[in-house]
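Since the structure comes first, as structure tokens, the remarks are kept for the end.
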Amino acid sequence: MGDIVIGCVGAAAALGVLVVYFGGLLSIVRSDLTGGMKLVWVVFALMFPFFGCLLWFLVGRRDSRRRAGTAGTA
């Protein structure tokens, strides 16, 4: 019984990592960043799959929204 629980928890954790990874890549591609910055984020996410996408959600998305909001004011 314990092996089944451990297996289910492991499968749920792996699924969570995949959701964060693919969600992060999709969010990077759909962001309002310029092509060069998108490339930097995508390469970073590919080199460090979980941490790159997690960092995108914590820092990059907020930065891209701020840049998109101030792009027309210059």
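The values are calculated or read from the model by the stated rules, or taken from the named source; none is laboratory data. Please read these numbers as outputs of a predicted model, since none were measured by experiment. So basically every Cβ, Gly included, is an ideal-geometry build from the backbone, and we count neighbours across all protein chains shown. The accessibility values were calculated without ligands, DNA or RNA, using every heavy atom of the protein model including side chains. Shrake-Rupley method; radii C 1.70, N 1.55, O 1.52, S 1.80 Å.
Search region 54-74 for residues being more than 16 Å from LEU25 (Cα to Cα) and surrounded by fewer than 12 Cβ atoms within 10 Å (Cβ to Cβ), and hand back the single one that is modelled with the lowest pLDDT.
Result: ALA74.
Taking the residues in region 1-53 that are among the charged types (D, E, K, R) and open to solvent by 60 Å² or more (accessible area, probe 1.4 Å) as candidates, determine which candidate is nearest to the chain's Cα centre (by Cα).
Top of the filtered list is ARG30.
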